1. For segment 151-246, calculate the relative contact order in percent as a whole number, restricting contacts to Cα pairs under 8 Å that are 6 or more residues apart.
2. Please arrange 60, 79 by how many other C-beta atoms lie within 10 Å of their C-beta, fewest to most.
3. Under a Cβ-only charge scheme (Lys and Arg +1, Asp and Glu -1), can you give me the dipole magnitude of segment 151-246 about the Cα centre, in debye to the nearest 20?
4. Arranged by the count of other C-beta atoms within 10 angstrom, fewest first, what order do 219, 84, 73 take?
5. Lysines near residue 169 by alpha-carbon distance under 29 Å, same-chain residues fewer than 8 away left out - which ones?
6. Over all Cα pairs of segment 162-251, how is the pair count split among 5 Å bins, expressed in % and running from 0 up to the last occupied bin?
7. Between residue 249 and residue 150, what is 0.36 nm times their sequence separation minus the Cα-Cα distance? Round to one decimal in nm.
8. Based only on other Cβ atoms within 10 Å, what is the fewest-to-most ordering of 192, 161?
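Just so you know, all these numbers are worked out from the coordinates, no wet-lab data involved. No experiment lies behind these values; they were computed from the predicted model shown. So basically every Cβ, Gly included, is an ideal-geometry build from the backbone, and we count neighbours across all protein chains shown.
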Amino acid sequence: MLPNEDKQFETDFPSTEAELHGTEEKTEDELSAEEIAYANYVPRPPDEAGISEYSGVAFCTLVGPRGGKVNITARKLSCKAALTELMEAVKYAGETYGLVPETYKQAEKAPQFPQVSSPAPVTSSTPQPVTTAVAPAPTSAAPIQPQPELQYFIAVRMKITPVEGGKTKLEFFGNDRKQPVNDFPTLVATSTNDRVIEVLKSTGAWELSHLQVVKTFETYYKVYWKEGKIRPDGKSHYKDLVKIEPAEIPY
């Protein structure tokens, strides 16, 4: 081999990466964030099954009673494992925070009170007389009968069913046994339409038209009840509806 040929062979090929790309090498300070990330990227090693990336990904959007949204994602080696982990997370979110999947829309919102601005207070420079109501003293010493203790549960759903004779059946569902709502009602009550509207008036602008068709509503009510007559099995009592109040959503 001639000396000239050996020299020509060495100079025909680039000796550095900078010569290969036709650019000068950059210092660490001149590298962009993307270039640094690419240089430091280490691929995930294959697992026992020979899979180098997650094969199963499950995604879900959860919503709360006030409309807030939370996105959750589960990644596993199989779709079944990812879905199982996602459902466990959905159950926990429902039991702990009352969140439900966004696509779960089988009931409409219950009627609410219209937003009314409060009138400005009226002030007067003229002193007003102060009256004090005095309760009359008891006139009899009749013994006081013990009253059944009031209890309540949170109803997240209410079903309305018209009944013949101008009555309405109310079914209240909790979520203590299943998320987002129990399969069976916790309390069932049937009364006249006037009585039903009277009971519901503390929760929203209910009207007679709301009681004319079978309909299910999303609610967040405190349903107060007391023990009623004993059931035919002799082991438990019926739940008698006492009153309903709007409950404060915990988040």
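1. In percent, rounded to a whole number, it is 32.
2. Going from sparsest to densest Cβ surroundings: 79, 60.
3. Its charge dipole is roughly 220 debye.
4. Least crowded to most crowded, the residues run 73, 84, 219.
5. List returned: 105, 109, 159, 178, 201, 215, 222, 226, 229, 235, 239, 243.
6. Here the calculated profile for segment 162-251 is 3, 12, 20, 24, 21, 13, 6, 1, 0.
7. 33.5 nm
8. Neighbour counts put them in this order, fewest first: 192, 161.
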